[in-house]
Amino acid sequence: MARRYDPERRQRIIDAAIRVVGRAGIAGLSHRTVAAEADVPLGSTTYHFATLDDLLIAALRQTNECFAVAVRESPALVDPEADLATELALLMETWLAGERTAVELEYELYLAALRRPALRPVAAQWTDGVVEALSPFTDPATARALVALMDGISLQVLLTDGTYDRQYAREMLARVLR
């Protein structure tokens, strides 16, 4: 039997996993649900990702990269004269004010590392990457504190179904920077 050449299949499987988690949560993720979503044979998912953790790692890496690009391209990290607290608060507002599905998905994958140790290095890479992006503007310890505060504010907004308060976030970020 000839194999069909499909160089995009692995990526389609990752994209499908992200959609499944976005719709049904991690509990709804299986090789079978992802194969159906990606419209590929079940064997393709297990060929490319032997375990669900392997698939979750790939999905988490992809979602992390989307946020990392937003951080790296933020005016706060491009313009050395920009007010870091203001720009980070604006970045968070952009992230939290719109459709929250993507943000909720990112945090669901990020927090899955609590129960799935295989995901911890990827979650740590995300944190380290944002700290690295902020470090030229402040010391590494303060950059890590900024990331922790941004995570905390974001989680509070998401978990309480609250409204993001840019002024509050800006003030708290400025206090950490002082």
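The values are calculated or read from the model by the stated rules, or taken from the named source; none is laboratory data. The model shown is predicted, which means the values in this text are computed figures rather than measured ones. Virtual Cβ from ideal backbone geometry, glycine too; neighbours counted across all protein chains shown. Protein only, heavy atoms only, side chains kept; ligands, DNA and RNA dropped before computing areas. Shrake-Rupley method; radii C 1.70, N 1.55, O 1.52, S 1.80 Å.
Details
- Scanning segment 122-170 for residues that are open to solvent by 60 Å² or more (accessible area, probe 1.4 Å), more than 26 Å from residue 58 (Cα to Cα) and in a helix (DSSP H, G or I) gives 136, 137, 140, 141, 156, 160, 166, 167, 168, 170.
- Residue within segment 98-114 that is touching a Lys or Arg at 6+ places or on another chain (Cβ under 6 Å), closer than 16 Å to residue 26 by Cβ and either in a helix (DSSP H, G or I) or modelled with pLDDT under 85 (or both) present: yes
- Being under 15 Å from residue 101 (Cβ atoms), at pLDDT below 95 and of a type outside the set (Val, Ile, Thr) is a condition met by no residue of segment 4-13.
- The single residue among 84, 96, 91 that is more than 16 Å from the chain's Cα centre (by Cα), farther than 23 Å from residue 55 by Cβ and open to solvent by less than 30 Å² (accessible area, probe 1.4 Å) turns out to be 84.
- When segment 34-68 is filtered for residues that are over 28 Å from residue 129 (Cβ atoms) and of a type in the set (Gly, Ala, Ser), the ones remaining, listed by number, are 35, 36, 43, 44.
- Among the conditions (1) more than 23 Å from residue 32 (Cα to Cα); (2) in a helix (DSSP H, G or I); (3) not hydrophobic (A, V, I, L, M, F, W, C), the only one that residue 53 does not satisfy is (1).
- Here is the figure for segment 31-52: residues that are open to solvent by less than 40 Å² (accessible area, probe 1.4 Å) and either in contact with a Pro (Cβ under 6 Å, 6 or more places away or on another chain) or not aromatic (Phe, Trp, Tyr) (or both) total 7.
- When residue 69 is tested against (1) farther than 18 Å from residue 119 by Cβ; (2) of a type in the set (A, V, I, L, M); (3) surrounded by 13 or more Cβ atoms within 10 Å (Cβ to Cβ); (4) under 19 Å from the mean Cα position of the chain (by Cα), only condition (3) is not met.
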